[in-house]
1. Would you mind working out the magnitude of the charge dipole of the chain relative to its Cα centre, with +1 at each Lys and Arg C-beta and -1 at each Asp and Glu C-beta, to the nearest 20 Debye?
2. Divide the volume of the convex hull of the Cα atoms of the chain by its number of residues and quote the answer in cubic angstrom per residue.
3. Below 8 Å, C-alpha to C-alpha, sequence gap of six or more: please give me the relative contact order for the chain in percent.
4. Summing -39500 (n - 2.57) over the DSSP H runs of n ≥ 4 in the chain and dividing by its residue number, what mean residue ellipticity at 222 nm do you reach, to the nearest 500 deg cm²/dmol?
5. Computed over the Cα atoms, what is the radius of gyration of region 140-212 divided by 2.2 N^0.38 Å, N being its residue count?
6. From the protein chains alone at 1.4 Å, what is the descending order of accessible area for 5, 118, 144, largest first?
Amino acid sequence: KNFAMYRTRRVSDLDGTPFDLVLADYQGQKLSQLVIDPPKRFFGPRGAREINALIFVVDLFRELRGAGGEASGDDVLLEHYSQNADAQIRERVEEQCRYINEYTLEIILETTFSKREMCSIFLVVNKIDLLRVLVERGCIEGVMPSAIHSYVSELYAPLNGLIKEAVRANGVERSFGAYLISARTGENLATVFSEIISRYQASVERSSGERS
């Protein structure tokens, strides 16, 4: 009940092979909900996990809600962040870095990881479209539109390094990647999915070569 399941059909950039990508979006707030009885039809049995990609999704803006509890629209959020944008963004980043730390990473990998199956471990930063609007409006002092990637990379450097170290410790250094996306506009989503497919294909080819 803490996972929303999605299926999308994608075509490989390498050879045009079609693939069905099945995604399990963890929607809970407590890590115990992830590790206690995860759905076997997606995860596979403990000790023989079947997950090919692990995606850590973070963002740059805390969700705002109206008096009735409804989520505020982008216009309200942009107005709210028009003042002290950098400080508010850094506070949001720190909040998420406290949640995804070396201890939670260990638990997540223990729950999902199989060296035989895991091909991609990505850090994905969402809502880049809203950040771009704030930068273009001059709300973040010293940050130009051309420097958005560097700005976000600096913000998430500690978490990026933490995940890289966890990936290295599990012997799958080449599986790591980091991307800036917008789930709302679809920016860079195709790139992420294409990279997952190409890494999966490369893994299958390596396994076939080892068996032959």
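The values are calculated or read from the model by the stated rules, or taken from the named source; none is laboratory data. From a predicted model like this one, the values you see are computed outputs, not experimental measurements. Here the Cβ positions follow ideal geometry from the backbone for every residue, glycine too, while neighbour counts run over all protein chains shown. Please note that ligands, DNA and RNA were not included when accessible areas were found on the heavy atoms of the full protein model with its side chains. Shrake-Rupley method; radii C 1.70, N 1.55, O 1.52, S 1.80 Å.
1. 840
2. On the way: hull volume 30.8 nm³, N = 212.
In the chain, the Cα hull volume divided by residue count equals 145 Å³.
3. Relative contact order of the chain: 23 percent.
4. -13500 deg cm²/dmol
5. Details: Rg = 16.3 Å, N = 73, 2.2 N^0.38 = 11.2 Å.
With N residues counted in region 140-212, Rg over 2.2 N^0.38 Å equals 1.45.
6. Solvent-accessible surface, decreasing: 144, 5, 118.
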